[in-house]
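First up is the structure itself, then whatever we jot down about it.
The values are calculated or read from the model by the stated rules, or taken from the named source; none is laboratory data. In this text, all values refer to a predicted model and were calculated from it rather than measured experimentally. Don't worry about glycine lacking a Cβ; one is built from the backbone with ideal geometry, like all the others, and counts go over all protein chains shown. Accessible surface areas use protein heavy atoms only, side chains included; no ligands, DNA or RNA. Shrake-Rupley method; radii C 1.70, N 1.55, O 1.52, S 1.80 Å.
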Amino acid sequence: MYFKIDCKVALISGGASGIGLRYAKELLRNGIRGVTLADINDYFGEKALEEIRKEFGPNKAIYVKTDVTNRESYEGAFKKTVEVFKNLDILINNAGILNDGIWEKEIAINVNGVIHGTLLGLETYIPKYKSGDEGVIVNISSIAGVKESNHVPIYCATKFAVIGLSKSFGHIFHYNRTKVKILVLCPGVTETPLISDIHGKSLGPPYEEAMNSHLGDLPIQKPENVAVAMVNIIKNAQTGTVWIAEGEEEPYEFILPPRQNFAPK
Ligand SMILES: NC(=O)c1ccc[n+]([C@@H]2O[C@H](COP(=O)([O-])OP(=O)(O)OC[C@H]3O[C@@H](n4cnc5c(N)ncnc54)[C@H](O)[C@@H]3O)[C@@H](O)[C@H]2O)c1
């Protein structure tokens, strides 16, 4: 089913900078009525609101200070969204860090944060406050969620986790009872501080060495490309599907083959 973005309301975690802010702007370009930037960084939040005000006019966006690792804090962003915009149709669980040096925090943000958001969106806020027939949750994984990463094994594990949980919550069984489709977007290497500040964020020297040889091989894209891919999949993709957006290309679906394909005949 085609999802109409026009006049909808979105909530984006980690939406105050990086790729998250580009998702907000691209959705606004496609006619959404309002967007909540749920982020932990007040400076980015205020700056992002100013940019959105200049480009799209007043009353299109709010910033809510949010720590996605804390359920009550994340729920505060949902509550504020429905208080201000009356609806919630689109949720993007985008907040994430890459830092295996502080891996408990990395897991808390990249996995627990996505679980908090998915449960709040799927079980309560989107079914109750969606303005049309259907709502959408997009969880952000990575190309590190579909292939091993010898330089950041724990980041890689968090992004594999996002795919397992999103395909499970995105099963047609849950869609039929909630009318919320759940998608996964896996960006390739994208120009943001997450990549430019990557050094020193591994488990130590051998991992730094692996990092140097790994990143040089991959195409780098602008965050705007990922945002265009996001709008494309929100409109067209079916629940439980996983999409790769890499190297400025159109997004393509990543399909896990059934394990039985590999069983001896
Ligand atoms: N940049 C890349 O190459 C790339 C590639 C694949 C996947 N990703 C994923 O895309 C997402 C966005 O990455 P990015 O490159 O824009 O990163 P970024 O560092 O530029 O932005 C991340 C945003 O998340 C916010 N944030 C951090 N911790 C938070 C918390 N606890 N609660 C709420 N907000 C928090 C930050 O303040 C920031 O605004 C992440 O999930 C990342 O893993 C990025």
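Overview of results
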| read-out | value |
| --- | --- |
| Difference of contour (0.36 nm per residue) and Cα-Cα distance, residue 102 to residue 263 | 54.1 nm |
| Probe 1.4 Å, accessible area per residue of the range 1-80, Å² | 46 |
| Gap separating the Cα centres of the range 154-202 and the range 203-265, nearest whole Å | 10 |
| Computed over the chain: relative contact order in percent, which uses C-alpha pairs under 8 Å that are six or more apart | 19 |
| Sequence-distant residues sharing a close amide H with residue 91 (under 5 Å, placed H) | 11, 136, 137, 138 |
| Accessible-area composition of the range 65-185, carbon plus sulfur, in percent [1.4 Å probe] | 56 |
| Electrostatic dipole magnitude of the chain [Cβ: Lys, Arg +1; Asp, Glu -1; Cα centre; debye, to 20] | 1120 |
| For residue 245, distant residues with modelled amide H under 5 Å away | 186, 188 |
| Choice from 213, 166, 17 with maximal GNM fluctuation in the chain (Cα, 10 Å cutoff) | 213 |
| The chain, helix-only ellipticity at 222 nm - DSSP H runs n ≥ 4, -39,500 (n - 2.57), divided by all residues, nearest 500 | -12500 deg cm²/dmol |
| Heavy atoms of residue 56 accessible to a 1.4 Å probe, total area in Å² rounded to 10 | 50 |
| By accessible area with a 1.4 Å probe, ligands and nucleic acids excluded, highest first: order of 196, 141 | 196, 141 |
| Among beta bridges that DSSP assigns inside the range 9-256, antiparallel share in %, nearest 5 | 10 |
| Karplus (6.51, -1.76, 1.60) ³J(HN,Hα), θ = phi - 60°, over the range 33-39, in Hz, Gly and Pro reported as x | 7, x, 9, 9, 9, 9, 9 |
| Viscosity 1.567 mPa s, temperature 4 °C, Stokes-Einstein D of the chain from Kirkwood C-alpha radius, µm²/s | 70 |
| Normalised contact order of the range 143-198, rounded percent, pairs of Cα under 8 Å and 6 or more residues apart | 30 |
| Whole-number Å³ per residue for the convex hull built on Cα positions in the range 122-265 | 150 |
| Distance in nm between pseudo-label sites at residue 214 and residue 6 (7 Å out along the Cβ direction from Cα) | 4.4 |
| In nm, spacing of pseudo-spin labels at residue 131 and residue 197 (7 Å Cα→C-beta vector) | 3.5 |
| Among 161, 24, 95, residue whose mean-square fluctuation peaks in a GNM of the chain (springs only between Cα atoms under 10 Å) | 161 |
| Heavy-atom accessible area per residue - the range 155-216, 1.4 Å, Å² | 46 |
| Set of lysines with alpha-carbon distance to residue 167 below 20 Å, sequence-local pairs under 8 removed | 147, 159, 179, 181, 235 |
| Sites residue 54 and residue 235, calculated FRET efficiency, Cβ-Cβ separation with R0 35 Å, nearest 0.05 | 0.85 |
| Percent RCO, i.e. relative contact order, over the range 37-81, from Cα pairs under 8 Å lying at least 6 residues apart | 40 |
| Helical segments meeting 15 Å axial Cα length and Kyte-Doolittle 0.0 threshold in the chain (DSSP H) | 153-169, 223-236 |
| Segment residue 179-residue 79, extension gain: residue separation times 0.36 nm, minus the distance between their alpha carbons | 34.0 nm |
